[in-house]
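J.: Dumping the structure here so I can ask a few things about it.
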Amino acid sequence: MHDPPESFYFLQCPTVTNYMRMSKYIFVTGGVTSSLGKGIIAASLAKLLQSRGLSVTIQKFDPYINVDPGTLNPYEHGECYVTEDGAETDLDLGHYERFLNINTSQANNVTTGRIYQTVINREREGDYLGKTVQVVPHITDEIKRRMMLLGEKGNYDIVITEIGGTVGDIESLPFIEAVRQMQWELPDEDCLVVHLTLIPYLRAAKELKTKPTQQSVKLLSANGVHPDVLICRTEHKLTPDLRRKVALFCNVKEEGVIEAIDAPTIYEVPLLMLREKLDKIVLKKLRINNDREPDLEKWKSFLDKVKHPSKKVNIGLIGKYIELQDAYKSILESFIHAGAMNECKVQVINIHSENITEGNVEETLAGLDGLLVAPGFGHRGVEGKIVAVKYARQHRMPFFGICLGMQMAAIEFARNVLGMKDAESTEMNPNTSVPVIDMMEDQKKVTAKGGTMRLGAYPCEIREGSLAYEIYGTTQISERHRHRWEFNNHYLKKFEDAGMIATGMNPETGLVEIMEYTKHPFFIGVQFHPELKSTVENPHPIFVHFIKAAKLFSEKGKQADEKASAASVN
Ligand code: GLN
């Protein structure tokens, strides 16, 4: 293959200045290792800027080739986060929404797969007019186009782009190259690069080491990108000497070296960044005149409640991916939000659904104050979930089932209350004679896997006088979905006659969205995913009420224990 002539690039490559540019752009890259918390740093920076009255959004560019994370096993990449518009996205978008209390969308998460898919489709349409299609400029142009997309409409003062992966990875290169071009093409005051790195502590030498950071910045510079701010993850405080050394060796201004010390909770990070004056440094470089004091009062009072709870409840999280905490990220964060609302620490006890049997359920679940049966796919562990639901129902323990959790509650009820011993979901047994949970009609024809479930926000109408109504305080809600199976309305009458009622329904299709058991103090299952809408500012009401019910359950349990021990003394 021949290289195209040099002039080709200048003829073909639309420079960023050709686009209507309304926003300023911040890029966040990561070095040394993965898992340094780029998502939290990006979200914390966004929070600080937002708290000064600026409008900010964040997007994540992921270097893997899957078109989106929807087809990834949670063991690979943690939870798949679903946005209002039904995009299956990276879990960092959950952090962005929880921190900023804004909605993100399909445009906020882009992968290498999606970039290539667009470019290849365009090539098939003949859009490249017979030219050789290459990584530079065609792939990088498409990356840049998407980097600027959210900024084009003038809705945001600042668009933050988090680049997934670690500098030096082969697959990150086109993204880093796109950042280089943006840094070159944009006016200085419209672009800022933040590099997150690690300063490890060597216990034997009792020293913090700057070499990995130096190497990482060198690697970034070799790719032509020069960081304006270095955020250094560290277990120990950085001394002024060390900061100076990092600044000098990495060619960054001293004020641009920011310490990111390990924090007990991610919700502390915006305040740590505030203390390090990250917001001021960013505003100065972007030449934004803003002398407002950041308004973080609500955030601080939330954090105060997280750090100083007056009570504790033990909640069993029954799932099959519990080895990997990221698989249930949004649920765990929702518990933190709901705990703060109740001034209560939510101690989550992870219980592997595969390990629960009729024989051990008593000893496994006794002592808990509430039970959440998690979402999931496939048959592994479902019988354990059903046994757990039965325990919660019979022991009047607060129960909350999400998606598959609600479906399992329906099956448990059919089997053990309605006497339909063979009740099943056709997901687990396609030939069952009692398909209490069945696939939606329009799903039966679908064979493609990516982006084909019932995804995103759907309206739901709530029955007045129900527990759901008490929780939401309204009859009209909207919640996000990600599933293929549904409650089979053929069985609804039998369920309702026995006290398991559908209190939330899709107004257009009649699909059951919420079920609750009326002969129980708190037993609710939802077909949607409420955990995706819980934020620091707006904790999700079902989680809030669930924790309230768990608190009550724990107090009653303790009262009963006290009574029993008083009785035994007498
Ligand atoms: N596997 C079930 C379905 O597709 C539940 C999905 C889920 O829990 N998100 O309907």
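The values are calculated or read from the model by the stated rules, or taken from the named source; none is laboratory data. Source: prediction; values computed, not measured. Heads up, the Cβs are rebuilt from the backbone with ideal geometry, glycines too, and the neighbour counts pull from every protein chain shown. Ligands, DNA and RNA are stripped out before the accessible areas are found, and what is left, the full protein with its side chains, is counted by its heavy atoms. Shrake-Rupley method; radii C 1.70, N 1.55, O 1.52, S 1.80 Å.
J.: When residues of the range 452-500 are filtered for being open to solvent by 20 Å² or more (accessible area, probe 1.4 Å) and under 18 Å from Glu424 (Cβ atoms), how many remain?
T.: Qualifying residue count, the range 452-500: 8.
J.: Any residue in the range 55-64 that is more than 19 Å from Met147 (Cβ to Cβ), under 16 Å from the mean Cα position of the chain (by Cα) and among the aromatic types (Phe, Trp, Tyr)?
T.: no
J.: Quick check: anything in the range 399-414 away from the ligand (no atom under 11 Å from the Cβ), among the aliphatic types (A, V, I, L, M) and not in a helix (DSSP H, G or I)?
T.: no
J.: Evaluate the range 517-525: report whether one residue or more is buried (at least 21 other Cβ atoms within 10 Å of the Cβ), farther than 18 Å from Gly378 by Cα and within 16 Å of the ligand (Cβ to nearest atom).
T.: yes
J.: Name, by its number, the condition in (1) loosely packed, with under 15 Cβ neighbours inside 10 Å; (2) not in a helix (DSSP H, G or I) that does not hold for Gln117.
T.: The failed condition is (2).
J.: Look through the range 334-350, keep the residues that are closer than 30 Å to Gly378 by Cα and crowded, with 22+ Cβ neighbours inside 10 Å, and return whichever of them is nearest to the chain's Cα centre (by Cα).
T.: The selected residue is Ser334.
J.: Looking at (1) away from the ligand (no atom under 12 Å from the Cβ); (2) open to solvent by 20 Å² or more (accessible area, probe 1.4 Å); (3) under 30 Å from the mean Cα position of the chain (by Cα), which is the one condition that is false for Met420?
T.: (3)
J.: State all residues of the range 251-266 that are surrounded by fewer than 16 Cβ atoms within 10 Å (Cβ to Cβ) and assigned to a loop (DSSP other than H, G, I, E, B); if no residue qualifies, say none.
T.: Asn251, Lys253, Asp262, Ala263, Pro264, Thr265
J.: So for the range 467-480 (the condition being within 16 Å of the ligand (Cβ to nearest atom), in contact (Cβ under 8 Å) with a residue 40 or more places away in the chain and not hydroxyl-bearing (Ser, Thr, Tyr)), does at least one residue qualify?
T.: Taking every residue of the range 467-480 in turn, at least one turns out to be within 16 Å of the ligand (Cβ to nearest atom), in contact (Cβ under 8 Å) with a residue 40 or more places away in the chain and not hydroxyl-bearing (Ser, Thr, Tyr).
J.: Continuing with this model, one more query. Would you check which residues across the range 180-193 are surrounded by 15 or more Cβ atoms within 10 Å (Cβ to Cβ) and out of contact with any helix residue (DSSP H, G or I) (no Cβ under 7 Å at 6 or more places or on another chain) and list them?
T.: The initial filter retains those residues of the range 180-193 that are surrounded by 15 or more Cβ atoms within 10 Å (Cβ to Cβ), namely 180-183, 185-186, 190-193.
Hits for the range 180-193 are Arg180, Gln183, Asp190.
J.: On the basis of being more than 14 Å from the ligand (Cβ to nearest atom) and either assigned to a helix (DSSP H, G or I) or under 28 Å from Asn360 (Cα atoms) (or both), does Phe495 make the cut?
T.: The answer is yes for Phe495.
J.: Looking at Thr111, Thr104, can you tell me which residue is open to solvent by less than 60 Å² (accessible area, probe 1.4 Å), closer than 30 Å to Phe302 by Cβ, in contact with an Asp or Glu (Cβ under 7 Å, 6 or more places away or on another chain) and not charged (D, E, K, R)?
T.: After ruling out the rest, the residue left standing is Thr104.
J.: Filter the range 533-548 for residues that are of a type in the set (A, V, I, L, M) and open to solvent by 10 Å² or more (accessible area, probe 1.4 Å) and give the result.
T.: Val536, Val544, listed by residue number.
J.: Let me ask something additional. Restricted to the range 371-388, and to residues that are closer than 21 Å to Ser334 by Cβ and more than 9 Å from the ligand (Cβ to nearest atom), which residue is surrounded by the most Cβ atoms within 10 Å (Cβ to Cβ)?
T.: Looking at residues that are closer than 21 Å to Ser334 by Cβ and more than 9 Å from the ligand (Cβ to nearest atom), I get Val373.
J.: In this structure, does Arg396 turn out to be touching a Pro at 6+ places or on another chain (Cβ under 9 Å) and more than 16 Å from the ligand (Cβ to nearest atom)?
T.: yes
J.: Let me ask something else about it. Being over 18 Å from Ala388 (Cα atoms) and either in contact with a strand residue (DSSP E or B) (Cβ under 7 Å, 6 or more places away or on another chain) or within 12 Å of the ligand (Cβ to nearest atom) (or both) is true for just one of Thr447, Thr426. Which residue is that?
T.: Answer to the selection: Thr426.
J.: Against the condition at pLDDT 95 or above, of a type outside the set (A, V, I, L, M, F, W, C), touching a Cys at 6+ places or on another chain (Cβ under 7 Å) and more than 19 Å from Asp85 (Cβ to Cβ), how does Asp141 come out, does it pass?
T.: Here the answer is yes, as Asp141 does meet what is asked.
J.: With the structure loaded, tell me whether Val436 is more than 12 Å from the ligand (Cβ to nearest atom), under 16 Å from Arg484 (Cα atoms) and either assigned to a strand (DSSP E or B) or open to solvent by less than 40 Å² (accessible area, probe 1.4 Å) (or both) or whether it fails that test.
T.: Spelling it out, Val436 is indeed more than 12 Å from the ligand (Cβ to nearest atom), under 16 Å from Arg484 (Cα atoms) and either assigned to a strand (DSSP E or B) or open to solvent by less than 40 Å² (accessible area, probe 1.4 Å) (or both).
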